[in-house]
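Written below as structure tokens is the structure these notes are about.
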Amino acid sequence: MNQLPYRDGVFDLVLFSATLHHSPDLNRTMQEVARVTCNGGTVLVLSEQIGGWLKRSDRYSHRNNLIHETYRSFLQYRSSFSRAGLQQKYLFSEHFDKKLRERKIHPQGRFARLGNLVAGLWRYRRFRMMAHGPLLYVAHTLFGFPLNAILRKRSSSRWNFSIR
């Protein structure tokens, strides 16, 4: 993933599904992905596991050394995407949205009390809008919510204009 065998700018769409945490060098991977993505192209990052300040760090210690996994922080992903010249839009997981709407919080979960509180607030549209926006960054940073993002490769042209 750090030396893709493709010419520059050949893909309109690149998809990662729970993959980036296997990269030994995220910055290099994202530079390579940006290289093969055409100007104005899209990179989708779906269900990427990330580390959170309050997430247990021993969760995956049972895995063997043949599976290379690195749990990076939300800020590391954001920084890597920016350095590669990719504009970012983050999405709230439909899975979590449904769990909160249906108030299906596992009673033995680590943050069950907080989950129930948030599920109670979920019925308020204004709260949901905040959760889908600025509070999403908090959820990624603190709790390590899985990352879902739409990334756009910026045009490399200095003369970016349209004729009407």
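The values are calculated or read from the model by the stated rules, or taken from the named source; none is laboratory data. In this text, all values refer to a predicted model and were calculated from it rather than measured experimentally. Note that each Cβ is placed from the backbone with ideal geometry, even for glycine, and that neighbours are counted across all protein chains shown.
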Worksheet item: Taking into account only those residues within the stretch 81-137 that are of a type in the set (S, T, N, Q) and in contact with a Lys or Arg (Cβ under 8 Å, 6 or more places away or on another chain), which is modelled with the lowest pLDDT?
Response: ASN116
Worksheet item: With respect to SER93, is the statement that it is within 18 Å of HIS21 (Cβ to Cβ) and not basic (Lys, Arg) true?
Response: yes
Worksheet entry | ARG78 being modelled with pLDDT of 95 or more and surrounded by 14 or more Cβ atoms within 10 Å (Cβ to Cβ) | no
Worksheet item: Of everything in the stretch 127-157 that's over 15 Å from the mean Cα position of the chain (by Cα) and not hydrophobic (A, V, I, L, M, F, W, C), which residue is surrounded by the most Cβ atoms within 10 Å (Cβ to Cβ)?
Response: LYS153
